[in-house]
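Engineer: One structure follows; several queries about it will come next.
The values are calculated or read from the model by the stated rules, or taken from the named source; none is laboratory data. Worth saying up front: this structure is predicted, and the values here are computed from it rather than measured. Counting neighbours? That spans all protein chains shown, and the Cβs are built from the backbone with ideal geometry, glycine included. With ligands, DNA and RNA removed, areas are computed over all heavy atoms of the protein, side chains included. Shrake-Rupley method; radii C 1.70, N 1.55, O 1.52, S 1.80 Å.
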Amino acid sequence: MTSQNLHAFLKGNLNELREQGLYNDIDVVESSNGPIIKLDGKSLINLSSNNYLGLATDERLKEAAIQAIQEWGVGAGAVRTINGTLSVHTQLEESIAEFKGTEAAIAYQSGFNCNMAAISSVMDKHDAILSDELNHASIIDGCRLSKAKIIRVNHSDMGDLRQKAQAAKESGQYNKIMVITDGVFSMDGDIAKLPEIVDIAEEFDLITYVDDAHGSGVLGNGAGTVKHLGLQDKVDFQIGTLSKAIGVVGGYVAGKKELIDWLKVRSRPFLFSTAVTPADAVAATKAIELLMESKELNERLWENGDYLKRRLKDLGFDIGHSETPITPCVIGEEKKTQLFSKRLYEEGVYAKSIVFPTVPKGTGRVRNMPTAAHTKEMLDQAIAVYEKVGKEIGII
Ligand SMILES: *Cc1c(COP(=O)(O)O)cnc(C)c1O
């Protein structure tokens with residue numbers, strides 16, 4: 001017999017979530033995750049992927065991946081520290097370092113486990129971490145795993161950061177103090193105040209850690225938020241993912257060689273979990289090469305983002321204060337937000353609602369992620385649906 005205790009726990013909690021309308025039924029996409037996707041046999045304009053540059057379905061990457069499978073097989077065969085480091089992995093790491101303007105880089109299986117790996121390799125129970133309250137879940141989990149004291153900082157509040165950094169420093173309780181922030185906050189599309197953060201870090205001798213999952217491929221002509229702001233020499237850890245703008249899968253830390261050397265001997269997902277497949281490594285390397293060669297995709301992403309924002313704003317939607325192509329449409333109440341998203345779906349637009357607990361209660365939104373792969377016609381069609389549904393529900 002299976003556990004009655006577990007059954008009672010699961011049943012009670014699942015029922016509660018369903019009653020509150022917070023249970024997320026997973027949508028299954030029946031096509032590649034391009035600008036048009038198929039669900040339930042129906043074609044929809046896709047405004048929910050993180051495939052910023054359209055690289056997830058790029059022919060050049062597909063070709064490179066197919067060739068890599070022919071040459072290297074489908075799996076790496078062992079963890080990196082035994083003999084699963086193939087030259088495609090070290091080539092990927094060299095490309096990342098060049099792209100980011102750092103001495104070295106280390107690749108992980110995902111952005112999520114990169115944060116689990118990197119934070120806990122350097123920070124321990126004698127240390128403290130100043131963490132923005134809106135940081136990504138993987139940063140929060142990475143901080144917890146390290147056992148360092150976590151000091152929550154009000155979102156992008158530099159007065160609060162300065163005061164808490166000073167208090168932590170003057171307390172004399174901690175060996176090391178780190179400040180961690182997302183480069184771009186994915187729910188609102190705002191950019192971290194990195195120039196002020198690095199100043200505060202210099203003043204109080206903080207380690208700086210920037211997770212640029214949503215900035216890489218997007219800001220700084222693609223190189224990311226840190227380079228966009230000219231701060232490569234002042235940020236210790238530049239984290240990124242290979243699954244968003246890069247279009248494949250994986251995560252990385254870019255930084256000084258001595259940091260990367262340490263992570264290679266101490267970070268547990270690197271030591272105890274097999275690396276990304278050869279096809280992943282080669283496709284991601286190809287994507288980085290394309291971004292270093294040409295700004296074309298990056299420019300198209302921004303054109304599309306600016307266009308969508310301007311048109312939705314003109315229609316009277318509350319698009320928040322995004323500084324990137326991420327375009328939230330803030331609706332407010334959870335049920336209304338879900339209804340809005342459902343009606344968009346019925347009219348042929350896939351834009352997912354994001355509600356509590358992912359964002360604070362009463363700030364439900366539909367988040368739009370335009371990409372370089374969208375045509376003007378697709379965006380115009382989506383905007384016409386927004387207008388129709390917005391009027392119908394009384395949002396505009
Ligand atoms: C998406 C995201 C991650 C996770 O990246 P994956 O490669 O999908 O695991 C980590 N950090 C931030 C800030 C993210 O937005």
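Engineer: In the structure shown, do any of Lys256/Lys295; Lys62/Lys352; Lys149/Lys176; Lys234/Lys257; Lys42/Lys342 have a Cα-Cα gap over 22 Å, and if so which?
Structural biologist: Long pairs (Cα-Cα over 22 Å): Lys256/Lys295; Lys62/Lys352.
Engineer: Could you tally the net charge around Ile383, taking each other residue with its Cβ under 12 Å from the Cβ of Ile383, Lys/Arg +1 and Asp/Glu -1?
Structural biologist: Cβ neighbours under 12 Å give a net charge of +1.
Engineer: Kirkwood Rh, Cα Rg: Rg to Rh for the range 222-334?
Structural biologist: Reported Rg/Rh, Kirkwood definition of Rh: 1.06.
Engineer: Also: Computed on alpha carbon atoms, what radius of gyration and Dmax characterise the chain, expressed in Å?
Structural biologist: Considering the chain through its Cα atoms, Rg and Dmax are 21.7, 62 Å.
Engineer: Of all the accessible heavy-atom surface of the range 202-347, with the other protein chains kept in place and a 1.4 Å probe, what percent is carbon and sulfur?
Structural biologist: 47 percent
Engineer: Kindly state, to the nearest 0.05, the FRET efficiency for Lys388 paired with Ile150, given R0 = 35 Å and r defined as their beta-carbon distance.
Structural biologist: Computed FRET efficiency for Lys388 and Ile150: 0.15.
Engineer: Right, something else. If you average the C-alpha positions of the range 205-246 and of the range 307-351 separately, how far apart do those two centres end up, in angstrom?
Structural biologist: 27 Å
Engineer: If the elastic network links every pair of Cα atoms under 10 Å, which of Gly41, Gly364, Gly224 fluctuates the most in the Gaussian network model of the chain?
Structural biologist: Taking springs between Cα atoms under 10 Å, the residue moving most is Gly41.
Engineer: For the chain, the longest stretch holding no GluC sites (Glu not before Pro) located in a DSSP loop with at most 15 other Cβ atoms within 10 Å is which?
Structural biologist: Between the exposed loop sites, the longest stretch runs 134-322.
Engineer: Among Val153, Val88, Val265, whose mean-square fluctuation peaks in a Gaussian network model of the chain (Cα, cutoff 10 Å)?
Structural biologist: Answer for the Gaussian network model of the chain: Val265.
Engineer: Then there's this: Which is farthest toward the positive dipole end of the range 236-394 among Thr358, Cys329, Leu297, measuring Cα position about the Cα centre, with Cβ charges +1 (Lys, Arg) and -1 (Asp, Glu)?
Structural biologist: Thr358
Engineer: Alpha carbons only, please: Rg and Dmax for the range 160-282, in angstrom.
Structural biologist: 15.8, 50
Engineer: Please compute, for the alpha-carbon atoms of the range 62-142, the extent along each of the three principal axes and give them in descending order in Å.
Structural biologist: If we take the Cα atoms of the range 62-142, the spans are 47, 27, 24 Å.
Engineer: Starting from 0 in steps of 5 Å, tell me what percent of the Cα-Cα pairs of the range 281-396 lands in each bin.
Structural biologist: P(r) for the range 281-396, in whole percents per bin: 2, 11, 20, 21, 17, 11, 8, 6, 3, 0.
Engineer: How big is the dipole moment of the range 14-161 about its Cα centre under a simple scheme where the beta carbon of each Lys and Arg is +1, that of each Asp and Glu is -1, and everything else is neutral? Debye, nearest 20, please.
Structural biologist: 280 debye
Engineer: Could you tell me which trypsin sites (Lys or Arg not before Pro) in the range 121-150 are loop residues by DSSP with no more than 11 other beta carbons within 10 angstrom of their beta carbon?
Structural biologist: Answer by residue number: Lys125.
Engineer: What does the charge dipole of the range 179-261 about its Cα centre add up to, to the nearest 20 debye, if the Cβ of each Lys and Arg holds +1 and the Cβ of each Asp and Glu holds -1?
Structural biologist: 440 debye
Engineer: Still on this model: Simple spin-label model, 7 Å along Cα-to-Cβ: Asn83 to Lys125 in nm?
Structural biologist: The two pseudo-label positions are separated by 4.0 nm.
Engineer: Once Rh is set to the Kirkwood radius over Cα pairs, what Stokes-Einstein translational diffusion coefficient, in µm²/s, holds for the range 99-179 at a temperature of 10 °C and a viscosity of 1.306 mPa s?
Structural biologist: Using the Kirkwood radius from Cα pairs, D works out to 118 µm²/s.
Engineer: With r as the distance between the Cβ atoms of Gln67 and Glu196 and R0 = 35 Å, compute the FRET efficiency 1/(1 + (r/R0)^6) and round to 0.05.
Structural biologist: Given R0 = 35 Å and the Cβ-Cβ separation, E is 0.15.
Engineer: A further question on this structure: Roughly how many debye, to the nearest 20, is the charge dipole of the chain about its Cα centre, given +1 on each Lys and Arg Cβ, -1 on each Asp and Glu Cβ, and no other charges?
Structural biologist: 840 debye
Engineer: Taking a probe of 1.4 Å, how large is the accessible area per residue of the chain, in Å²?
Structural biologist: 46 Å²
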